[in-house]
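J.: Before I ask anything, let me first share the structure, which is written out below as structure tokens.
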Amino acid sequence: MPNRNPYTPGFGLSPPTLAGRAGVIDETLAALRAGPRHPRFCFALLGHRGVGKTSVLDAIGERTTSELGWPVVHRQAMREGDLLGDVGEGLIPALGHWNRLGRDYRHLEKDLSVGFNLGVVSAKANVHSTATAEGSGPGAFVELLRKVGTFARDHDSGVLITIDEAMTARRPDLVGMAGAIQTVVNRSQLPIAVIFAGLPSFREAIGVAGTFAERLSVQNLADLSPDASRLALVEPAAQLGVRWAPEALDLVTARSAGHPYYVQLFGYHSWEAGGGAEELTVAHVEAGIRATETDLHGQFEGTWGRLRPQEQSFLSAVAVIGGSEPVPIVAVAASLKRSTGQLDVARNRLVYQHGLLRSPGRGQVQFHSHQFGDWVSENHAVVASPIRPNTRQQAQNIKAIRARPQPGRGFER
């Protein structure tokens, strides 16, 4: 077996086989071809951490360049950053993709001279510009997009801007970006497409940017199906002449539960355990699982340590009551001796900001990752004050967690 491991569990790395994402990528390319009137010409791609949002953005960008010939600007929002300025700085060099247009592009290049400060974006065009009249900040950014969009429309082209980690952007930047989309794309129908990518909490963040932003189309990126998980594991190995034993493949597929990051992580460690074998077996996978547990335990400890005390208590209560199964919020509230309203902030942060819980049904919560849920059950199910198991059922749940046979769904310490 070749030494090169084909799996890529690092954060922000694209997998060798982007399985299960062809639909959203094809639909996005169709929307870009259709133009600004399409409801998905500008949209938000949302999903929990590790679900592959960045990889999908990269794939969309590559196809936009290769199939449509559009310039593409990739940017990542930051809490203390200047999103408008950062997009503007990336936009000007990206337009070099239009070099093939010859003299017309050179005229545009001369017409655009853009200066930026860290806190405020200011755009100044040398020739026939109204940017100085518009002032600096969002008005200048709109003027920049208007000039670029007009050129793109007149030359049967377009521009794609992708903004990753969009939920971290400052409110003024989101307001400015939403206003630019409303003015340049919706009203003027210029082909400047914008795709935001972020956690589900982005819905709340963009909601403060105005009525248009509230209507922004959303595409939720879900976990992989079992078939897609298998494809993501089998195809990279097959390209290197390695096969998976059916039982080993089933085990990794079940343990990863469709989470793209876990698929890559289990695949990576199973490959390492193979040590040159032409077939990855159950024994290799079991060794890979033990190595994966070590990685995930360290990550989970870090995640736990960043949570607020009330959030930790909430998760502990969910683990005590139901383990990785759905739990009624009223049961959590009863366990914590709180009203459901008093827990709204913690619940919303755990669901929308941290992505650790999901809502499988009305009035219910469940661990989004059963790996993390099992880790909490094994390490934090005995809840400290003010949470004290006060029912026989909760005591039985704790006893069952401690007595869980190994290996099981959870991770051994």
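The values are calculated or read from the model by the stated rules, or taken from the named source; none is laboratory data. Here the structure is a predicted model, which means the values were calculated and not measured. Don't worry about glycine lacking a Cβ; one is built from the backbone with ideal geometry, like all the others, and counts go over all protein chains shown.
Condition check ((1) of a type in the set (S, T, Y); (2) at positive phi; (3) surrounded by 17 or more Cβ atoms within 10 Å (Cβ to Cβ)) across all residues:
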{"site": "A178", "(1), (2), (3)": "no, no, yes"}
{"site": "T183", "(1), (2), (3)": "yes, no, yes"}
{"site": "A193", "(1), (2), (3)": "no, no, yes"}
{"site": "S201", "(1), (2), (3)": "yes, no, yes"}
{"site": "S217", "(1), (2), (3)": "yes, no, no"}
{"site": "N220", "(1), (2), (3)": "no, no, no"}
{"site": "D223", "(1), (2), (3)": "no, no, yes"}
{"site": "R255", "(1), (2), (3)": "no, no, yes"}
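J.: Another question about this same structure. Just the residues that are at pLDDT 90 or above, closer than 24 Å to H48 by Cβ and small (G, A, S), please, taken from the stretch 179-224.
T.: Scanning the stretch 179-224 gives A197, G198, S217, A222.
J.: Please go through (1) touching a helix residue (DSSP H, G or I) at 6+ places or on another chain (Cβ under 8 Å); (2) among the aliphatic types (A, V, I, L, M); (3) part of a helix (DSSP H, G or I) for A30 and return the number of the only condition it doesn't satisfy.
T.: Answer for A30: the failing condition is (1).
J.: Also: What pairs come out if I take residues in the stretch 99-116 that are within 21 Å of G139 (Cα to Cα) and at pLDDT 80 or above and pair them with residues that are outside any helix (DSSP H, G or I) and among the hydroxyl-bearing types (S, T, Y) whose C-beta lies under 7 Å away, six or more apart or interchain?
T.: none
J.: Which numbered condition in (1) exposed (fewer than 14 other Cβ atoms within 10 Å of the Cβ); (2) assigned to a loop (DSSP other than H, G, I, E, B); (3) at pLDDT 90 or above is the only one that V345 fails?
T.: So the condition that V345 fails would be (2).
J.: Would you check if D173 is of a type in the set (D, E) and buried (at least 22 other Cβ atoms within 10 Å of the Cβ)?
T.: Yes, satisfied.
J.: A further question follows. Picking from A277, A273, A209, A222, which residue would you name as being among the small types (G, A, S) and part of a helix (DSSP H, G or I)?
T.: A273
J.: A further question on this structure: Might you let me know whether the stretch 39-50 holds any residue that is small (G, A, S), buried (at least 17 other Cβ atoms within 10 Å of the Cβ) and assigned to a helix (DSSP H, G or I)?
T.: No; the residues of the stretch 39-50 include none that is small (G, A, S), buried (at least 17 other Cβ atoms within 10 Å of the Cβ) and assigned to a helix (DSSP H, G or I).
J.: Answer yes or no as to whether T130 is at pLDDT 95 or above, surrounded by fewer than 19 Cβ atoms within 10 Å (Cβ to Cβ) and over 28 Å from A222 (Cβ atoms). Working first, answer last.
T.: Numbers: at pLDDT 95 or above: no; surrounded by fewer than 19 Cβ atoms within 10 Å (Cβ to Cβ): yes; over 28 Å from A222 (Cβ atoms): yes.
So T130 does not fit the description; no.
J.: Further, regarding this structure: Which of the residues belonging to the stretch 51-72 are part of a loop (DSSP other than H, G, I, E, B) and in contact with a Leu (Cβ under 9 Å, 6 or more places away or on another chain)? So that I can check it myself, show each step before the final result.
T.: Of all residues in the stretch 51-72, those part of a loop (DSSP other than H, G, I, E, B) come to 51-52, 69-71.
V51, G52, W70, P71 - these are the residues of the stretch 51-72 that are part of a loop (DSSP other than H, G, I, E, B) and in contact with a Leu (Cβ under 9 Å, 6 or more places away or on another chain).
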